[in-house]
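Readers should treat all values here as calculations from the given coordinates under stated rules, not as data from a laboratory. None of the values given here were measured: they were computed from a predicted structure. Cβ sites come from the backbone with ideal geometry, for glycine too, and all protein chains shown count toward neighbours.
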Amino acid sequence: MEVTPDILNQILEGERVIIRGDKSDPAVLCTDTQTYDIKEAGTSNSLLLLPSVVWPDEAETNDKDDGITIASQEVAGIFHNYLELHLCRPRVQKLRYLMEENLYTGKEYEADNVDVKYTFEDLLNVIQASPKELQTALRELQACCIDGFWRMLDFDYQFSVFNHIVNLVDSNSWPSDGIPLQAVLDTLEDLIPRKILEECFHWYTEPVGRTTPEGYDLYRWNEDKICAFLGEVILRPTGKFNLEEFLYTWQSTVPEGITTNLNQLKVGNLALSSTD
Amino acid sequence: MVQILIRMPTSEDSKSGVPDWAVVELQGDLESKSGQEMHGSFVGDLHYTKKGAILIIGHHILFGKTVDVDKPFIVLRKKNSLTEHHHEANMLRSQKSLEHTQEEEASEVSVSIENLYDKHNYSTYYEVHAIVRKKILFKTRPKPIVTNVPKKL
């Protein structure tokens, strides 16, 4: 197999280099951070594999008086084909499908939940990607690690978590650019697992760079993300929505101080508008 | 789904690390005159000169030189951990735990069966047998060696 100097070093250092795939999948090779397609390359040339060889510089030092040294070498094999590696994108499309098999809908439903759940290692067993690429994909899906299992949140549940946070901010009259994460976690963690709270909180806020007098980090709403999220909340149940009515509803749904803007919906390819 | 590990040999298998092998690359195919199996047959003579390398196969001569390969090759050997000594160790372990559980509650038995299967039981894996970093490349087409042609008078 032809590899890169990088991959060779990783193998030499004992890092995980693994071929992954289902019997029907094309094989890929994964390091800790990257994925490569494995292809068979052919050449019309003959490649003779020599287990031991005396290189030119070595041969000179072996020179005897008559200037000729004969060493016998055995050819291990003659090849016309070898395996080649091509850097490729990880195959993570399956991940969303797997996550959707068992969406997280709330603490109260978990006791009866017997559907399949995946740990990170379980996922590596079924997804053709490197650990780092899998982590990135999970983050993009907004999945959370709950009790060691990676779960995607049911959309309505996500909305209810969001509402809890927004209502808490309102009822405490915190400024939209001065939200203390710690207080949110402490207050709501009986209702919602702390891990989920924290993940959701970070999806819709940005650090401000300041802290409370006690030293807790302060955050502000990430306007674009919130508007996109709420836009999706409104559009999901309805197939079509009159543009004017939508814009009005949308603006009145977002927290105070935030302005909606159709460009925010374009980011996730959330909405298409037609002229009627 | 399968996960096949590519790894270095364990210290029990190799005493001095993985050896460097070489590749001799030449144009075309090697054939035996009589069409017989080439196993164990003599191939040719490799000579090193000041300029590079010369390979004489049969009545052909090829000129080439030693170069570093663009990307290193690894020579892999397919192995199956279930047929290696690890298998024996697993069997011993499971036997011991079965004996142990006979004295205990029936609910313990299921745990011992799980011990047979290592969570990371890659039953097939590839071991790096050798690394190729250099090759002796013969780019020119083989030239037939013609014995002395008498000069025209």
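The table for this structure:
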| read-out | value |
| --- | --- |
| Full-extension gain in nm, residue A:155 to residue A:38, via 0.36 nm per residue minus C-alpha separation | 38.3 nm |
| Efficiency of FRET from Cβ geometry, residue A:186 and residue A:251, R₀ 41 Å, rounded to 0.05 | 0.80 |
| Inter-chain Cβ neighbour average for residues B:47-60, partner chain, 10 Å | 1 |
| Estimated FRET transfer efficiency when R0 is 56 angstrom, pair residue A:261-residue A:13 (beta carbons, to 0.05) | 0.65 |
| Contact order relative to length of chain A, as percent, for alpha carbon pairs under 8 angstrom and 6 or more apart | 13 percent |
| Label-point separation in nm, residue A:23 to residue A:139, each point 7 Å along Cα→Cβ | 3.7 nm |
| 3J(HN,Hα) from dihedral phi, region B:50-61, Karplus parametrisation 6.51/-1.76/1.60, rounded to Hz, x for glycine, proline | 4, 7, x, 9, 10, 10, 10, 10, x, 9, 10, 10 |
| Label point distance in nm, residue A:210-residue A:94, each placed 7 Å from Cα along Cα→Cβ | 5.0 nm |
| Convex hull volume per residue in cubic angstrom - Cα atoms of region A:130-276 | 140 Å³ |
| Residue order, fewest to most surrounding Cβ atoms within 10 angstrom, among A:164, B:47 | B:47, A:164 |
| Peptides A:190-196, B:61-67 ordered by average Cβ neighbours within 10 Å, highest first | B:61-67, A:190-196 |
| Per-residue Cβ neighbour rank within 10 angstrom, fewest leading, A:70, A:38 | A:70, A:38 |
| Separation of the residue A:116 and residue B:143 label points, Cα + 7 Å toward Cβ, nm | 6.5 nm |
| Computed helical MRE - 222 nm, chain A, DSSP H runs ≥ 4 contributing -39500 (n - 2.57), nearest 500 | -10500 deg cm²/dmol |
| Order of A:225, B:143 - criterion: other Cβ atoms within 10 Å of each residue's Cβ, fewest first | B:143, A:225 |
| Shielding by other protein chains, A:42-54, mean Cβ within 10 Å | 6 |
| Calculated FRET efficiency for the pair residue B:77/residue B:45, C-beta based, R₀ 25 Å, to 0.05 | 0.25 |
| Choice from A:242, A:263, A:45 showing the highest fluctuation, given a GNM over chain A with Cα pairs closer than 10 Å | A:45 |
| Inter-chain Cβ neighbour average for residues A:10-18, partner chain, 10 Å | 4 |
| If the convex hull is drawn through the Cα atoms of region A:226-268, its volume per residue in Å³ | 69 Å³ |
